[in-house]
1. In a loop (DSSP other than H, G, I, E, B) and either within 22 Å of TYR119 (Cα to Cα) or of a type in the set (Lys, Arg) (or both): does that describe PRO63?
2. Under 8 Å by Cβ, and 6 or more places apart or on different chains, what pairs join a residue from the range 82-93 that is under 18 Å from ASP115 (Cα atoms) with one that is of a type in the set (A, V, I, L, M) and in a strand (DSSP E or B)?
3. When the range 68-100 is examined, which residues are found to be under 15 Å from the mean Cα position of the chain (by Cα), at pLDDT below 95 and farther than 14 Å from PHE54 by Cα?
4. Take the range 1-19 and flag every residue that is at pLDDT 90 or above and either closer than 14 Å to ALA126 by Cβ or in a strand (DSSP E or B) (or both).
5. Counting just the residues of the range 113-143 that are loosely packed, with under 10 Cβ neighbours inside 10 Å and hydrophobic (A, V, I, L, M, F, W, C), which one comes out modelled with the lowest pLDDT?
Amino acid sequence: MELDDPPDFDIWCALNGTPMAAAAWIAAAQSIAVLDVYKAIRNWLEDGDHIPVFTSRGWSDLPHLKRELPAFVDKASAMISESSFHPLRCRSHCEQHALWYVSENCPICKGFYIDKVVYSETGRTAYLNSSPAAAPAGESWLKPEVWLSEGKTAGDSPSFLVKQ
């Protein structure tokens, strides 16, 4: 049985524009104050040139999001990691899935991950991977399973603002 929560994912890219342009776009996309995003970007840039552009997404959401990367990033530099972790701080990389991760094994290879995330005005719903490989031996899950459904509350702090 899994003891950890299934991971969702972030897309990181090298900045190809100004930090303020990036902050304005991300703030509008995630309903965060521009100044808070700008400060977070400055902190992330201390670790290198990559910033998280899309955060807390499902694995199947990523191909579409990679095609929708904004103009202020270098699209060829895109890296995918487990949410909240800078790719260069992850201890492992899966060549097959081009994924940087901190868990013991690649979550995609293992089959235990968030596959789809749906955002709405009322909150976020994350769906667990619906492949049979996602179920640990001896367990049977209804598929697709809602793993987490969160409503928005005042003071929510998106994972983008937390440096790990």
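The values are calculated or read from the model by the stated rules, or taken from the named source; none is laboratory data. Since the structure is predicted, the reported quantities are computational estimates derived from the model, not experimental observations. Neighbour counts run over all protein chains shown; Cβ positions are idealised from the backbone, glycine included.
1. no
2. Matching pairs, first to second residue: GLU82/LEU99.
3. LEU88, ARG89, CYS90
4. Scanning the range 1-19 gives PRO6, PRO7, ASP8, PHE9, ASP10, ILE11, TRP12, CYS13, ALA14, LEU15.
5. Ranking the qualifying residues of the range 113-143, first place goes to LEU142.
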